[in-house]
Amino acid sequence: MSKITTNTDLIERKCDDVYYTEGMKIAYKLLMVCLMPKYQQAVGLAHNQIGGTKSVFIAKLETITGTNKWQTFINPTITDKSKNTYISDEGCMSFPNKPNKVKRHNWIELRHQVKARNDVKGSSFITERFEGFDAIIIQHECDHLNGIHIHNKEKEEVNDK
Ligand SMILES: [Zn+2]
């Protein structure tokens with residue numbers, strides 16, 4: 001069973017692209033961690049949070065029926081984002097009991113790899129738009145894949161300028 005690491009050297013490693021089928025196996029490992037009773041508050045987990053190096057995260061997102069469901073994101077990239085931002089108060093499983101305030105976009109568009117329709121083996125990329133709390137989770141997890149978390153994000157923004 002995989003474990004969540006608090007080792008910042010591992011958490012700050014950037015993740016690499018992964019083959020779709022390997023990505024699905026990693027997503028299953030991540031899900032097994034999040035389904036442990038002690039993590040019942042979890043809403044997202046990225047591969048480097050369990051010491052991995054692949055570009056995969058899972059996120060518990062709203063469905064049209066109003067319930068929340070775990071979804072898998074393989075090789076995700078944010079391709080567009082709102083100009084408007086706001087400050088979000090976030091916790092992180094890699095930093096227990098150490099929440100922080102970070103800047104988030106109101107909505108984002110995410111390109112990621114999914115199983116191709118009508119094809120057992122193939123995969124293809126789709127782009128989806130997320131807003132509200134779902135968009136926060138996606139931005140938080142995409143940051144993780146780039147080695148960014150709620151306690152080093154300000155550094156990232158300074159470096160951007
Ligand atoms: Zn986190």
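Every number here is computed from the coordinates shown, using simple stated rules; none is lab data. The model shown is predicted, which means the values in this text are computed figures rather than measured ones. Glycine also receives a Cβ, built like all others from the backbone with ideal geometry; neighbour counts cover every protein chain displayed.
With neighbours defined as other Cβ atoms within 10 Å of a residue's Cβ, the residues 73, 125, 130 order from fewest to most as 125, 130, 73.
Classified by the C-alpha gyration tensor, segment 1-68 has an oblate form. Its axis ratio a/c, with a ≥ b ≥ c, is 1.5 or above, and a/b does not exceed b/c.
With K and R counted +1 and D and E -1, the other residues having a Cβ less than 10 Å from that of residue 75 yield a net charge of 0. Seen from residue 133, the other residues with C-beta closer than 11 Å to its C-beta sum to a net charge of -2, counting Lys and Arg as +1 and Asp and Glu as -1.
By the count of other C-beta atoms within 10 Å, a proxy for reagent exposure, 90, 141, 12 are ordered fewest to most as 12, 90, 141.
Derived scalar couplings between HN and Hα for segment 74-89 equal 10, 6, x, 9, 7, 9, 7, 8, 5, 5, 6, 10, 8, 8, 10, 9 Hz in order, rounded to whole Hz, by the Karplus curve 6.51 cos²θ - 1.76 cosθ + 1.60 (θ = phi - 60°), x for Gly and Pro.
Calculate, in whole percent, how much of the Cα-Cα pair population of the chain lies beyond 24 Å.
Distances greater than 24 Å cover 30 percent of the Cα pairs.
Net charge dipole, segment 59-129: roughly 80 debye, given to the nearest 20, about the Cα centre with Cβ charges of +1 for Lys and Arg and -1 for Asp and Glu. Extension gain for residue 98-residue 1 works out to 32.4 nm (0.36 nm per residue, less the C-alpha to C-alpha distance).
Compute the label zone of residue 77 within segment 96-139: residues whose backbone N is under 18 Å from the point 7 Å along Cα-to-Cβ. Residues 108-115, 123-130, 139 qualify, since their backbone N sits under 18 Å from the label point. In this structure the amide hydrogen of residue 18, modeled in the peptide plane, comes within under 5 Å of the amide hydrogens of 55, 75, none closer than 5 places in sequence on its chain.
Taking the Cα centre of segment 1-157 as origin and assigning +1 to Lys and Arg Cβ atoms and -1 to Asp and Glu Cβ atoms, the resulting dipole is close to 320 debye.
Of 111, 129, 104, 117, the sequence from fewest to most neighbouring Cβ atoms within 10 angstrom is 117, 129, 111, 104.
For segment 53-70, the Karplus equation 6.51 cos²θ - 1.76 cosθ + 1.60, evaluated at θ = phi - 60°, returns couplings of 9, 9, 7, 9, 9, 10, 8, 8, 10, 5, 10, 5, 7, x, 8, 9, 9, 5 Hz by residue, with Gly and Pro reported as x. Projecting the Cα atoms of 65, 2, 135 onto the dipole axis of the chain, where Lys and Arg carry +1 and Asp and Glu carry -1 at the beta carbon, places 2 farthest toward the positive end.
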